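Below is one structure, written out as structure tokens; comments come after it.
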Amino acid sequence: MAQIEQFPAAPSMIGPVVTRMRAFGELWPATDGVAVFNRVYLTVTEEIERRVDAGGFADRRAAGTLDVRFAERYLAAVDAVAAGGRPPACWRPLFQYRRHPGVRPLQFAVAGINAHIGHDLALAVVDTCRTLGCEPADLERDFERVGDVLAVLEERVREELMPGPDVLEIADPLTHLLGCWSLERARDGAWLAARSLWQLERLGELGGPPELAEEFTERLDRSVGLAGRMLLTPLAPCGG
């Protein structure tokens, strides 16, 4: 498993995360699939940073910590690939298909969102609870507010990246393919997964089977990766 880079967990430290994402934008070609997702996620992170600094969350420290812990998992996947290693299974399809000519930009964006929400968000909630010494229920309000930001930006992404009239031959299959994935369902699943993982870890600490939490995490990782692979089904070569 990739080593997670630890940033100081405070709202004011969202800045280093933003800096790294901006650097990726200069490093990768604009058509690179990971770069497409990175631009989307950078926009999300900048907006959350703005709202945290403006007092838009009930608990600034909790919201900032959750945002940083969340971002760390994406950054760890990028670092694993850069070092010649393998990212978590949820991220592998995006990195494997990042230069495929038949995958459209909107597919890259949604596949990255799928990996990050479907897998990373649940683990980030648990990471945050460990950091702050709290329970998942204590983060629910801020979790929902982060989700509201994601929902607004996802709609914007779909509008901006949906093919125009010149590529109508792929618009219908693309709409069908991406219509099978829902941000709202992914958010609901992430919250349930976070609560379940938290309880499994507590069960292990009380003498229950310690491997249950690890097995749960591995299965979540693989299932989200499978969904990501389907989202990246090639539709047509660029310009085809």
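Looking at segment 179-215 only, could you name the residues that are within 28 Å of Ala111 (Cα to Cα), among the hydrophobic types (A, V, I, L, M, F, W, C) and surrounded by fewer than 17 Cβ atoms within 10 Å (Cβ to Cβ)?
Cys180, Leu192, Leu212
Can you find a residue that is of a type in the set (Ser, Thr, Tyr) and either closer than 28 Å to Leu200 by Cβ or at pLDDT 95 or above (or both) anywhere in segment 69-89?
Yes, that holds for at least one residue.
What helices (runs of 4 or more DSSP H) completely inside segment 21-112 contain at least 3 residues that are out of contact with any Phe, Trp or Tyr (no Cβ under 6 Å at 6 or more places or on another chain) and among the aliphatic types (A, V, I, L, M)? Don't jump to the end; show me each part of the working.
On the way: elements: 33-53, 60-82, 92-96.
Answer list for segment 21-112: 33-53, 60-82.
The values are calculated or read from the model by the stated rules, or taken from the named source; none is laboratory data. Because the structure is a prediction, the values reported are computed rather than measured. Cβ sites come from the backbone with ideal geometry, for glycine too, and all protein chains shown count toward neighbours.
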